[in-house]
1. For the pairs Lys28/Lys56; Lys56/Lys96; Lys42/Lys96; Lys11/Lys42; Lys56/Lys95, note any where the Cα-Cα span goes beyond 27 Å.
2. Output the peptides 13-20, 83-90, 24-31 sorted from most to least packed, where packing is the average of other Cβ atoms within 10 Å over each peptide's residues.
3. How much mean residue ellipticity at 222 nm does the chain get from its helices, if each DSSP H run of length 4 or more adds -39500 (n - 2.57) and you divide by all residues, to the nearest 500 deg cm²/dmol?
4. Given (1) 14.5; (2) 15.0; (3) 16.0, which label gives Kirkwood radius over Cα pairs in Å as computed from the coordinates?
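Every read-out reported here was derived from the displayed coordinates using simple, explicitly stated rules and does not represent laboratory data. Since the model is a prediction, treat every value here as computed from it, not as a measurement. Neighbour counts run over all protein chains shown; Cβ positions are idealised from the backbone, glycine included.
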Amino acid sequence: MFFRMDHFPYKDGMHITFYQTTAVDIKKIHENFNTETQNRQKNNGVVVPDVLIRGKRSRATFENVEILPHNTRNDLFRDGVITALDVILSLADKKKIDIRIEMA
């Protein structure tokens with residue numbers, strides 16, 4: 001599984017480690033990037049092919065999830081940047097998951 005580096009902001013105390021990889025892995029990364037680029041152009045937005053949400057007692061999987069930017073962190077990112085939070089909020093917008101904040 002591969003994750004794009006630009007989806008994770010640098011935080012104080014964070015360490016970045018580089019690993020040498022194989023040509024096969026580089027090809028997979030390149031294919032994923034091409035697929036993402038083509039999907040973005042075709043759909044006028046971001047469509048994530050597979051989303052897995054894992055909780056302590058449950059897990060949920062979703063396919064071909066259209067992600068819309070919610071611009072919740074415009075103090076760090078320019079408008080339109082997609083973050084992991086946008087995945088959750090987009091699923092909630094479509095009533096695929098329920099998000100509640102409960103105060104004890």
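1. Details: Lys28/Lys56 31 Å; Lys56/Lys96 19 Å; Lys42/Lys96 23 Å; Lys11/Lys42 34 Å; Lys56/Lys95 21 Å.
Table pairs above 27 Å Cα-Cα are Lys28/Lys56; Lys11/Lys42.
2. On the way: 13-20: 5.4, 83-90: 17.4, 24-31: 11.0.
By packing density, highest mean first, the sequence is 83-90, 24-31, 13-20.
3. Values: 2 runs with 31 residues, N = 104.
Only helices count here, giving -10000 deg cm²/dmol.
4. So the structure-derived entry is (3).
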